[in-house]
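Notes to accompany the following structure.
Read-outs throughout are calculated quantities, based only on the coordinates presented, and are distinct from any laboratory measurement. Since the model is a prediction, treat every value here as computed from it, not as a measurement. Note: ideal-geometry Cβ built from the backbone for every residue, glycine included; neighbour counts use all protein chains shown.
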Amino acid sequence: SGGSKSEQSASGSESGTAKKRIALVLPEEIGVNQFFVQMDEGFQKAGKEFGVETKTIQSSDPTAFEQNMRATVAENYDLIITATFQAEDVLKQVAQENPDKSFAIIDTTVDLPNVRSVGFREYEASYLLGAAAGLSTKTNVVGMVAAQDVPLLKKYSEGFKQGLESVNPKAKFLIGYVGSFNDPAKAKELALVQYGQGADFVAGASATSDLGVFEAAKEKNLYTSGQDTDRTVEDPDHIVLSQLKGTDAVAYETVKDFANGSFKFGTANYGLKEDGVGLTFVTKDSESKLSPFIGEANITKLKQIRDDIVSGKIVVKNPLEQ
Amino acid sequence: MNAIKRTLLGMLQPVVAVLIGLLAGAVAIILIGDSVVDTYREMWNGAFGSFYFLTNTLTRATPIILTGLGVALAFRAGFFNMGATGQMVLGGLAAAITGLYMPGPGWLVMMMALLVGMVVGGLWSLFAGYMDARFGVNLLISTLLLNYIASLFAGYMVSFPLKDRTGSAAMSQTPMLATDVWLPKLFSGMSLHAGFILAVLAAVAIYIFIHHSVAGYEIRMLGNNPFFAAYGGVKRGQMMVVAMLTSGALAGLAGAGEVLGTQHRYLDGALASADYGWSGIMATLLASSHPIGTAIAGILLAALQTGAMGVERNTDVPLEVASVIQATLTLFVSARFGYLFLKRRKERKNNGSVV
Amino acid sequence: MDQLFDISLFNSTLRILTPILLAALGGAICARVGLFNVGLEGLVLVGAFSAILGNHLLGNVWLAVVFAVICVMLFSLLFAYVSINLRANVIVVGISLNFLAAGLTTFCLRAIFDVKGAYYDKNMQGLPRWDIPLIKDIPVLGGIVSGHSPLVYTAFVAAIIMWVYLFKTVSGFRLRAAGENPVAAQSLGIPVRRIQYGAVLVSGALCGLAGAQLSLGQVTMFTEGMTAGRGFIALVATMLGQSNPLGVVASSLLFGLMDAFSIRLQGFALPAQFTQMLPYMMTLAAMFFFKDRSYLKDAQRANGSSR
Amino acid sequence: MTVLLEMQGITKKYGEFTANHDIHFDVRKGEIHALVGENGAGKTTMMRMLYGMEQPTSGRILVHGKQVHFHDPSQAIRHGIGMVHQHFMLFPSFTLAENIVIGGEPKKAAFFDRQAAADKVRELGERYGMPVDPWKKAGDCPLGIQQRTEILKVLYQGADVIILDEPTGVLTPGEVKELLAAIKGLAAQGKSFILITHKLHEVMEAADRITVLRDGIITGQMKASDTDEEQISRLMVGRQLVPMSRAARAPGDTVLDVQGIMLAGHKGSKPLLDDISLTVRRGEIVGIAGISGNGQSELLQVIAGLRRPDSGTVELNGADVTGAPVRRIREQGLAHIPEDRYMWGASRDATVLDNGLMGHQQRFRKRGLIDRSALRKVMDEWVKRFAIKTGSLDTQAQFLSGGNLQKLIAAREFAHQQPFLIAAEPTRGVDVGAMELIHGELLARCKGGDGILLVSSELTEILKLSDRIVVMYEGKIAGELTAEQATEEQISLLMAGGKRQS
Ligand SMILES: Nc1ncnc2c1ncn2[C@@H]1O[C@H](COP(=O)(O)OP(=O)(O)OP(=O)(O)O)[C@@H](O)[C@H]1O
Ligand SMILES: Nc1ncnc2c1ncn2[C@@H]1O[C@H](COP(=O)(O)OP(=O)(O)OP(=O)(O)O)[C@@H](O)[C@H]1O
Ligand SMILES: [Mg+2]
Ligand SMILES: [Mg+2]
């Protein structure tokens, strides 16, 4: 990114010190998913630390997202970051139409010369989580509450299932769909039903609705797990694991690179190997103490599985590639 | 003279309402400590600030106008059709399927896709009408319920049988349509597509139909007083079919237009999450089911929405506050200040004795 | 199959239906005075938020419920003022209120709690569960009926009180008169407007309870848009129950049961989208048996918007 | 006699239009004061001001000599003024008892004591000779009973001055007699009445004083004993009315042939129509007499195709039209003046023009569109010929006075030029001038060779126009009489379910 670009943008900023301007354009409203909140935090933090002007723009629906993307291009931001599969279509178009503009996308890959993409192999972490559940369950029934029965969430459910079956082929896997990303009451009912069907571990994979799963766990003394950040700190007795995904770090790094001039286009893909995804206690330590339900012995086994995935001894199938 | 006076008075009402709405919105902005002037300027810019943003607004108005017209026609016939969302979703899905799988030259596929979208939307709406006419299943409730059913069904279709398996294959969506099937853009580099022309034509056509055609007359009378219509030999069943079919077809066209003109594929949730259906109903009600009025109200509502996006992008006022302002404005736009104000003054003038 | 029909099915039915029933009763009383309240969704959402806010501020779950009721009543005054005094189209007002509530609660979540998406405090006490002394020991019934949040029982009591009020008391009689023929009621000196205001306020109170049940009874948290369409289902329940409180109880029961059932049906081979359709399908099917539409027609005519 | 109520120099304007001009009017204790005038003369407007539903533009209203300002009817009610509206103000889904006691409900604690209400209503009805079934729903009752309910409601409210706006329009002769007797009885007990009616013989029978209104101006005020019907109608219309004479007619072929019509009642109750057979020939008027609610409405609906009979046939103009769609029946040769003009005959929200188009859609269709200019031309003629008072053709029908709306409907149906016409209550609520016009038109059509089926609760109308008279009682034909045989007593007896005397 050359100086000429910053000069253009200076006209828009109040100070005239030619601060770089970076926009994070989200395809949805931020509150829909913890994942966006986390990303925004990393984005804002980097903005402050590296003296870059940051602007987060939410969109209420796909059409609004497209309009926001185009308007942001028109408003001459130096870098436009966006995220998730939902953004692919629009980004492909907009980036192609504006070859001299810089873009970045988080959580999926768009292979264009002016786009930097960072994808995640969540299914590897899901595999670990599923294995953890399979190793720990006493009732041989484990459940998962997912937001919707859509391909996107197969990254969680299919990986989980593979992991579960690999360590405990006899275990029964229950899955329930909330039908919405923010209906904790319904998610709680689903978790209660799975509890009624004998599950002693119910994984949450329903974005904001997970809070309902956590509550069910607390109420019925179930074990559960969270997503994206370390949720075990909220209730270590019941939320015993958390599947991690470093979206905040990626947003932070992207801004940092851009501010320092080390920003490069191209694609990157983060899995267990790159430490982009993970599982608490296995790939990363947690502030909370390990639940006896999981137990140190299992953690040791899981660490081995992690190493096998990294070394390629275990190949986790990408659920989206069929 | 009188006609001019009446038109002016008719315009006064919405103007006063918008002013009060802006005032109420200003209170919201002051409460969060932002500049009222800046916020409204950005709102205006986001909606009409340049030719580009104007076309954005018109793009967004297109599905609102079309669903609104459909709702208006059903209302006129006395059918409270709240099912625009479901009809739109199925129309969009059908258009996408046609666009993907029908062989033939692009323009023909495009036309067929629009047509199939209309037919499917129309049939879905007619289904509700049929249950009402034949089994006495209340239309208001059934159309609301059918929205959920349609959305879930379409969600299933694009999550499984019709799923896009190209690319990352993570989204619940159909594959992308071939470019020659897309509705042409009206101006290069802008989002406005030919669907807007269709919406304008539809508004004019529905206006002529409702106000000047015999069938439209019968539909209006049916809506006004079904007994009178029956007495005069209006065939309720036939008119119901015409009204519900057309109403659903317009919603279906709205969905097909979005699919062929904007998203270029059917994307799960894209039509429902934008609340086009509810906006269409609001446009109709604001215009008392007048087709041309519905089109204007549709543009107004779209402008409020694109304006809110402008506020989101260019001020520190967050999106939710922008939507509060938008809701406040619509809330007051339908109020009848002008009317009350005038009526009271007139009464005072005419009836001297009134205290 | 025994996994489909067990005590917990009926137990969860009662939980699921309560917010819907409370809101639908609110819708019913509005419909009875000729105001078709499409804004239930928004009112319940405001109720859910203010219940959490009240609990946060006052530190007492009962005061929180009262706080929610008061907040929603104030919010519903807006509905009353714009539709009654300013004679705006009630449906437009209702839809606008839904948008307003969504924006307002999201904004307040950020402004007051400084969080996005959800507010959750693990130390916050939700509504207690009541074990009803004698009933809880009755084998099957006890398992179904006992051990719910007090608002579950309140909802049913409210339905009965409303039924008695509407059909047995003088004041309820006049309320129905005001809704059925406002011109005639006015000509008899019945204060139609005041009655309409009263009905909207009661509706607000009920939606406040519905919201409180959702955010303090079913779960103890607030998330953006957590009503997830329950207000619209309540609207359907209102209409299906023909704005008769007992009818509303029946239609809410049907919906609650089907929703609870659909949750259990997941995993029995059908794709989730189809099991999720079940409550809507069954409600639709139920309508084949409830055909007296006279009341609904009046309600539609009263708001005059189909013209 | 003490003056209870007085209007001094009252003027009421609607915009440019003066509905009442400088009205001086009073009501004394125990008197029946009749108010007569053509449709749109301003009678209802005057009463609405007395009842607080409208405010006068200028002038004063005095009650017991004190000036009052009524802003809403409840204030008028408190001052002892009650009004029975021409178009009823009832709650259709409520019982009659509920409709009557509303506003003054008997209570047990806060609860509505419905039993006490029913008892009170029953007793009230008996006292005034107007019994009603307190538990019946108002919406299910015939117009006659609804009217009765309205009067009982005002009596229940304890009004001293009772305004009756065309109370007899929907009543049968027997009911009218009873009503007038009841009014006179009440007047003797000290109640005062303002009676608005178009039926001058009722005025002569019941009223003590008469006020005549024309175009919003009082054209005469006199004692009933000092005047006669002729003078009153001259004051009303401003001209002499010509009495009509009936020419002898020679009926031709059968145009309507109804055989064995059966129509079941609501779950288990008596059939609504029980084996009805009847014919109408070209060039004759067949009158159907009967107390309203004895199956006349249902019979007409069956003939007009608005209701499907359970058995039996309807043959119109040589073709079987049983259960055929309305449009086909109309094309086959039916014109139809419906009995309830607001329910069947018009759309209040639509313009006069749109109301006039109904049934004529095919005639004014031009390439699928409505030929409005042609329609306007034709309707301008109707307006002139029937002297319909309307702002313009674009006025909404709801702003027409009831009489003028009726003329519009009649004009529309006469314009059909069909060989068979149903005329149901063709002159209900219509003033003498308009009645003369409509009757004349009916006779002319008949003379031109059309068959007419006339349904009227007005015996004089039936007797005056019909060649044959069919009396209906409880869904059956109770008897048939020729015009020569028929006397009012005979018909009344049949209508009341008595045996036919031979
Ligand atoms: N609110 C109003 N605005 C304008 N004109 C009105 C209004 N009310 C009444 N009029 C007109 O005033 C005139 C008098 O009407 P009114 O109803 O008093 O007549 P009427 O004597 O009762 O007639 P009818 O015998 O048909 O009942 C009519 O021409 C009517 O159209
Ligand atoms: N705003 C208005 N503008 C014009 N005319 C009106 C208006 N409001 C009422 N009117 C007319 O005022 C008159 C009074 O109405 P009302 O309901 O008393 O019965 P009516 O129409 O007079 O019936 P009828 O003619 O049989 O007596 C009617 O003619 C009515 O149409
Ligand atoms: Mg009158
Ligand atoms: Mg009148």
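Relative to its Kirkwood radius, the Cα radius of gyration of chain C gives an Rg/Rh of 0.98.
Once the gyration tensor of the Cα atoms in region A:207-258 is diagonalised, the equivalent ellipsoid follows with semi-axes of 29, 10, 6 Å, ordered largest first.
Grab the beta carbon distance between B:Phe135 and C:His56, set R0 = 45 Å, and tell me the FRET efficiency rounded to 0.05. According to the calculation, E is roughly 0.35. Ranked by the mean number of other Cβ atoms within 10 Å per residue, highest first, peptides B:319-330, C:239-250 order as B:319-330, C:239-250.
The Rg/Rh ratio for region C:1-157 is 1.04, where Rg is the radius of gyration of the alpha carbons and Rh is the Kirkwood radius. The alpha-carbon atoms of region D:392-444 define a convex hull whose volume equals 89 cubic angstrom per residue. Note that region B:176-261 carries a Kirkwood radius of 14.9 Å, evaluated over its alpha carbons pair by pair. Counting Cβ atoms of other protein chains within 10 Å of each residue's Cβ and taking the mean over peptide C:165-172 gives 5.
First select every other residue whose beta carbon is under 13 angstrom from the beta carbon of A:Asp308; then total the charges, Lys and Arg +1, Asp and Glu -1. Surrounding charge for A:Asp308 is +3.
For a bin width of 10 Å, list the pair-distance distribution of region A:259-322 built from all Cα-Cα distances, rounded to whole %. Reading upward from the zero bin: 17, 38, 27, 15, 4.
Short to long, the 5 Å bins of the Cα pair-distance histogram for region A:176-270 hold 3, 14, 20, 18, 12, 8, 8, 8, 5, 3, 1, 0 percent of all pairs. Per residue, the convex hull spanned by the alpha carbons of region B:172-324 comes to 148 Å³.
Hydrodynamic radius of region C:198-249 by the Kirkwood approach over all distinct alpha-carbon pairs: 12.0 Å.
A Förster distance of 25 Å, applied to the separation of the beta-carbon atoms of A:Lys264 and A:Asn98, puts the FRET efficiency at 0.85.
Remark: the B:Asp180-B:Ile292 segment gains 37.2 nm on full extension, using 0.36 nm per residue and subtracting the alpha carbon distance.
The alpha carbons of region D:376-483 stretch over 46, 28, 23 Å along the principal axes, in descending order. The fraction of all Cα pairs in region B:38-177 landing in successive 10 Å bins from 0 to the largest distance is 11, 29, 30, 23, 6, 0, given as whole percents. Dimensions of chain A based on its C-alpha atoms, expressed as ranges along the principal axes with the largest first, amount to 64, 40, 38 Å. Computed from Cα atoms, the angle from the helix A:210-220 axis to the main principal axis of chain A rounds to 20 degrees.
Be a star and scan region D:4-33 for residues whose amide nitrogen sits under 13 Å from the point 7 Å along the Cα-to-Cβ vector of D:Lys184. From region D:4-33, the list is D:32.
Using only helices, what value at 222 nm comes out for chain C when you add -39,500 (n - 2.57) per DSSP H run of length 4 or more and divide by the total residues, to the nearest 500 deg cm²/dmol? After summing the helix terms and dividing by residue count, I get -22500 deg cm²/dmol.
At the listed q of 0.21, 0.23 Å⁻¹, the Debye profile of region A:13-134, built from one uniform point per Cα, gives log10 I(q)/I(0) equal to -1.23, -1.40. Ordered by the number of other Cβ atoms lying within 10 Å of each residue's own Cβ, fewest first, A:Lys20, D:Lys199 fall into the sequence D:Lys199, A:Lys20. With both labels modelled 7 Å from their Cα along Cα-to-Cβ, the D:Ala374 to C:Arg87 distance reads 3.9 nm. Dimensions of region B:128-221 along the principal axes, based on C-alpha atoms and rounded to the nearest Å, stand at 54, 40, 16, largest first. Here the 3J(HN,Hα) profile of region D:410-426, calculated from phi with Karplus coefficients 6.51, -1.76 and 1.60 at θ = phi - 60°, is 4, 4, 4, 6, 4, 5, 6, 6, 9, x, 9, 10, 9, 10, 9, 6, x Hz, Gly and Pro shown as x. For the residues of A:54-62, the average number of beta carbons from a partner chain within 10 Å of their own beta carbon is 6.
Under the classification rounded if a/c is under 1.5, otherwise prolate if a/b is larger than b/c and oblate if not, where does region C:92-140 fall, given a ≥ b ≥ c as square roots of the Cα gyration tensor eigenvalues? Oblate shape, in that a/c is at least 1.5 and b/c is the bigger or equal ratio.
Measuring how big region D:1-102 is from its alpha-carbon positions, Rg and Dmax come out at 14.8, 43 Å. Running Debye on region D:218-362 with equal point scatterers at the Cα sites and no solvent, what base-10 log of I(q)/I(0) appears at q = 0.08, 0.12 Å⁻¹? Reported log10 I(q)/I(0), two decimals: -0.37, -0.73. Beyond 21 Å in Cα-Cα separation lie the following of the pairs A:Lys170/A:Lys245; B:Lys235/D:Lys389; A:Lys284/C:Lys122; D:Lys270/D:Lys464; D:Lys191/D:Lys223: A:Lys170/A:Lys245; B:Lys235/D:Lys389; A:Lys284/C:Lys122; D:Lys270/D:Lys464. Loop-located trypsin sites (Lys or Arg not before Pro) across region D:267-302 with a Cβ neighbour count of 11 or fewer within 10 Å are D:Lys267, with loop assigned by DSSP. The overall shape of region C:6-89 is oblate: from the C-alpha gyration tensor, with semi-axes ordered a ≥ b ≥ c, the ratio a/c is 1.5 or greater and a/b is no larger than b/c. Helix-only arithmetic for chain A: the sum of -39500 (n - 2.57) across DSSP H runs with n ≥ 4, divided by the residue total, places the mean residue ellipticity at 222 nm at -13000 deg cm²/dmol. Computed across the protein assembly as shown, the Kirkwood radius stands at 35.7 Å (inverse of mean 1/r, all Cα pairs). Based on a Kirkwood Rh over C-alpha pairs, give the Stokes-Einstein translational diffusion coefficient of chain D at 25 °C and viscosity 0.890 mPa s in µm²/s. My calculation gives 102 µm²/s for D. When its C-alpha radius of gyration is set against 2.2 N^0.38 Å (N residues), chain B gives a value of 1.06. Close amide H contacts of D:Gly287 (hydrogens built in the peptide plane, cut-off under 5 Å, sequence separation of 5 or more or a different chain): D:Leu454, D:Asp467, D:Arg468, D:Ile469, D:Val470.
Only alpha carbons enter this Debye calculation for region C:137-184, each as an equal point scatterer, and the log10 of I(q)/I(0) it gives at q = 0.15, 0.25, 0.27 Å⁻¹ is -0.57, -0.88, -0.93.
Over the residues of chain B, the helix contribution to mean residue ellipticity at 222 nm works out to -25000 deg cm²/dmol, using -39500 (n - 2.57) for each DSSP H run of at least 4. Based on Cα contacts under 8 Å between residues 6+ apart, chain D shows a relative contact order of 15 percent. Taking all Cα-Cα distances within region A:207-322, those exceeding 23 Å account for 43%.
The equivalent ellipsoid of region A:72-182 has semi-axes of 39, 14, 9 Å, largest first, where each one is the square root of 5 times an eigenvalue of the Cα gyration tensor.
What is the sum of charges, Lys and Arg at +1 and Asp and Glu at -1, for the other residues whose Cβ falls under 12 Å from the Cβ of C:Phe99? Charge balance in the 12 Å sphere: -3.
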